[in-house]
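The values are calculated or read from the model by the stated rules, or taken from the named source; none is laboratory data. The model shown is predicted, which means the values in this text are computed figures rather than measured ones. Glycine also receives a Cβ, built like all others from the backbone with ideal geometry; neighbour counts cover every protein chain displayed.
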Amino acid sequence: MEILVRVERDKAYANVLLDTRLRRQRLAPRDRGLATELTYGVLRHRGTMDYLLSRVIDRPLEAVDLDVRNLLRLGAYQLLYLSKIPGYAAVHETVRLARPGTAPFVNAILRALVRRGPLKEEELPEDPVLGCAVRHSHPAWLVERWLKQLGEEARDLMEANNRTPPVSIGWNPLRGSVAELEHRLTKAGAEWKASPWVPNVYRVRDAGNLLASGRRNGGLFWVMDEAAALVVHLLDPQPGERVLDACAGGGGKATLAAMLMQNRGEVAALDLSPRALRRLQDGVRRLGTTIVHPVRGDAREAAGHFRKWADRVLVDAPCTGLGTVRRRPEIRWHREPADIIRLAELQSAIMDGVADCVTPGGALVYAVCSHEPEEGAEVVAKFLTRHPDFSNENNLPTFFQGARSALVTGGHVATWPHRHETDGFFVGRLRRH
């Protein structure tokens, strides 16, 4: 309940809050799993539950206190979506969390919800956008955008966003053999299979303590969605080269680039956040990617430090993150249409800032974890207008050739949760003449 309140009130990230609390409190594995299921389940299905709750409450749901509102969602999720928790237990445990003055109200609303049951087809709003928003638990403005962009396929995308994804991990060749990684996955009792798209990446479920923070088996593997790993493969860094990761964040892509380079060459990981760079340094130590060097700075001013320095530049730009809704369900409730325009302006400024970091003949890869054209293809098209010394380069690797509908206008790559069972990314690769 505390995590859900903070996510709504402070626009905090659920995964960060949940990881922190789970490390702090020693819960049994089943209870860890339940806490995770409740947190993400409520965030995924919040729109549908709010619609149902509004039909049994005599006031607008927004007028209900923040903590009570999230308690009602927590109880509703157990009643409507979980089959192993008896209804009376879900109501009782939820009411126990309520403040004394609000407990009767919470009890009455949840019991009314039990009587009325799950959402029925005839209860959906007649308006097709609103009906889709309620059924699939996405904000109406986003539903409208995706229906215009994808047609009926948008429903498949939203259904995929509401499914629990596996964890994707990749082999670190600097710390051991791929056979050793597969052995440890099997020994941990994990369900796993190789990614169909990215070499030496695995889709993992039920890995238990193997994936727990601080127990990553001496750096034998890293955790990253397949589509994010694909971005680095599209960059295609080679041993001995100079690589600039201009928006490095915690350094996941920078360290993967070093692995693909066999830890030979130089990777400069640029970011403004000291906290992100500390995480990066921790990752470098754990993974053994000693050619990665954290640099504090603004990507918009990168050419002042790295003019014509890099054989390859990666811009994994700040974005709306709307391609990661299946992993970060709260993003759908945090974003607004204005965020797309605001971030597209920032993305363009970053691209301009790194353009002159690329050596003649070098490559520039631009990526965002978003499906929105304003953040993807349009940023690249405008960049090419301003920088005629760059051109598009078809960058679909042979191992991704079988992917359905992966290419978009200009030879760029797009991944989709419903088509590829990965996060949604746009990736454009450019070459400097």
Going by the conditions given, is residue 139 within 16 Å of residue 46 (Cβ to Cβ) and surrounded by fewer than 19 Cβ atoms within 10 Å (Cβ to Cβ)? yes
Condition first: surrounded by fewer than 12 Cβ atoms within 10 Å (Cβ to Cβ) and either acidic (Asp, Glu) or touching a Cys at 6+ places or on another chain (Cβ under 9 Å) (or both). Now tell me which residues in the range 1-28 satisfy that. 2, 10
Which one of these does residue 100 not meet: (1) touching a residue at least 24 places away in the same chain (Cβ under 8 Å); (2) farther than 27 Å from residue 324 by Cα; (3) out of contact with any helix residue (DSSP H, G or I) (no Cβ under 6 Å at 6 or more places or on another chain)? (1)
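Here is a yes/no grid of residues against (1) among the aliphatic types (A, V, I, L, M); (2) part of a helix (DSSP H, G or I); (3) modelled with pLDDT of 95 or more:
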site	(1), (2), (3)
22	yes, yes, no
30	no, yes, no
111	no, yes, yes
118	no, no, no
Do you know which residues across the range 267-299 are closer than 17 Å to residue 174 by Cα and out of contact with any Asp or Glu (no Cβ under 8 Å at 6 or more places or on another chain)? 281, 282, 283, 284, 285, 286, 287, 288, 289, 290, 292
Those residues of the range 322-370 which are closer than 23 Å to residue 36 by Cα and part of a helix (DSSP H, G or I), in sequence order: 322, 323, 324, 331, 332, 333, 334
Restricting the range 203-238 to residues that are assigned to a loop (DSSP other than H, G, I, E, B) and surrounded by fewer than 19 Cβ atoms within 10 Å (Cβ to Cβ), the residue that is modelled with the highest pLDDT: 238
Identify all residues within the range 120-138 that are touching a helix residue (DSSP H, G or I) at 6+ places or on another chain (Cβ under 6 Å) and either over 16 Å from residue 159 (Cα atoms) or not in a helix (DSSP H, G or I) (or both); write none if there are none. 124, 125, 137, 138
Positions within the range 307-321 being buried (at least 24 other Cβ atoms within 10 Å of the Cβ) and not in a strand (DSSP E or B), in sequence order: 317, 319, 320
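For every residue, the table says whether it meets (1) at pLDDT below 95; (2) in a helix (DSSP H, G or I); (3) among the acidic types (Asp, Glu).
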site	(1), (2), (3)
41	no, yes, no
53	no, yes, no
59	yes, no, no
69	no, yes, no
73	no, yes, no
78	no, yes, no
83	yes, no, no
88	yes, yes, no
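One line per residue, one yes/no per condition, for (1) of a type in the set (A, V, I, L, M, F, W, C); (2) over 32 Å from the mean Cα position of the chain (by Cα):
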site	(1), (2)
57	yes, yes
61	yes, no
90	yes, no
136	no, no
Of all residues making up the range 139-154, the number that are under 19 Å from the mean Cα position of the chain (by Cα) and either within 17 Å of residue 416 (Cβ to Cβ) or in a strand (DSSP E or B) (or both): 4
Scan (1) modelled with pLDDT of 95 or more; (2) in contact with a Phe, Trp or Tyr (Cβ under 8 Å, 6 or more places away or on another chain); (3) surrounded by 20 or more Cβ atoms within 10 Å (Cβ to Cβ); (4) of a type outside the set (Ser, Thr, Tyr) for the single condition residue 337 breaks and write down its number. (3)
